[in-house]
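Contents: one structure, followed by commentary.
The values are calculated or read from the model by the stated rules, or taken from the named source; none is laboratory data. Bear in mind the structure is a predicted one, so any value in this text is a computation, not a measurement. Don't worry about glycine lacking a Cβ; one is built from the backbone with ideal geometry, like all the others, and counts go over all protein chains shown.
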Amino acid sequence: MKFSKIFGVTLLSLLAASTAFASSTWTVVATASGGDLNAMTIGDTLTLEVKLETSAPGEMIATAGSVNNYDTGVVSVDAGASTVAADLLFAIIIPGTGSFNGVANLESGVSDTSEQGPGQEDTFLSILGTAGAGGDGTAEAAQFTIVYNVIGAGTTTLRVGTFTDYADAYSGASDNVVNNTEVTITVPEPTSVAASLAGLASVFGVVAVRRRASKG
């Protein structure tokens, strides 16, 4: 459902009514099921806890967010295991009661919008409104949990945020985005792991021989 040039005229009119596009900051906490992002194995899962904050909530009338540009031979998105906020950037947050006056996310889940960019794109956020956001998001927990399954060996970087080369926000113009972020993972070739284990075994073998020789 992410923005496309179909919305161009509408979005430009909304932009004209706003003094500026809100500055945004994306942060992500990445967790490997095996504990090490640099030594993942096929069958592992990568979990991205993604958070959006804005410096000017009243000016955020439209934006989009995605994970993109990664090697689809290394990881594959698990849309069923992923969760996205239905609303976010709330004006009022009352612990134990609820959150109020946020903006609606037009994405009900993670969607494949790769046709709008040079590579794979998994869109999890689309905002299109007229009144801006209620709050800046700083008091909120991560609003999105995006899960990936490791399916092949290699090193790949997953970009997270709002990117012009994937037509994110305002039909391709992501003005004043303060900070996008990225996560890099490595899945060693099985032969490399076996070689490393064999190397360790040979070292321990040499140590054992030396110990026996010293006792003889």
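Scanning segment 140-158 for residues that are surrounded by 21 or more Cβ atoms within 10 Å (Cβ to Cβ) and either within 15 Å of THR54 (Cα to Cα) or among the basic types (Lys, Arg) (or both) yields a count of 1.
Go through ASN105, ASN69 for me and flag whichever is at positive phi and in contact (Cβ under 8 Å) with a residue 12 or more places away in the chain.
Numbers: ASN105 fails: at positive phi.
ASN69 is the lone residue from the list that is at positive phi and in contact (Cβ under 8 Å) with a residue 12 or more places away in the chain.
Considering ASP71, ASP122, ASP87, ASP112, the condition of being modelled with pLDDT of 95 or more and under 16 Å from THR54 (Cα atoms) is satisfied by ASP87 alone. Among the residues of segment 72-102, those identified as at positive phi and surrounded by fewer than 16 Cβ atoms within 10 Å (Cβ to Cβ) are GLY96, GLY98, ASN101.
For segment 56-74, what are the residues that are farther than 13 Å from VAL110 by Cβ and touching a strand residue (DSSP E or B) at 6+ places or on another chain (Cβ under 7 Å)?
Across segment 56-74, the qualifying residues are MET60, ALA62, THR63, ASN69, TYR70, ASP71, GLY73, VAL74.
Scanning segment 189-206 for residues that are modelled with pLDDT of 95 or more and farther than 22 Å from SER82 by Cα turns up nothing. All of (1) assigned to a loop (DSSP other than H, G, I, E, B); (2) more than 29 Å from PRO188 (Cα to Cα) hold for LEU125 with one exception: (1).
The condition of being assigned to a helix (DSSP H, G or I) and surrounded by 14 or more Cβ atoms within 10 Å (Cβ to Cβ) holds for only one of GLY58, GLY137, that being GLY58.
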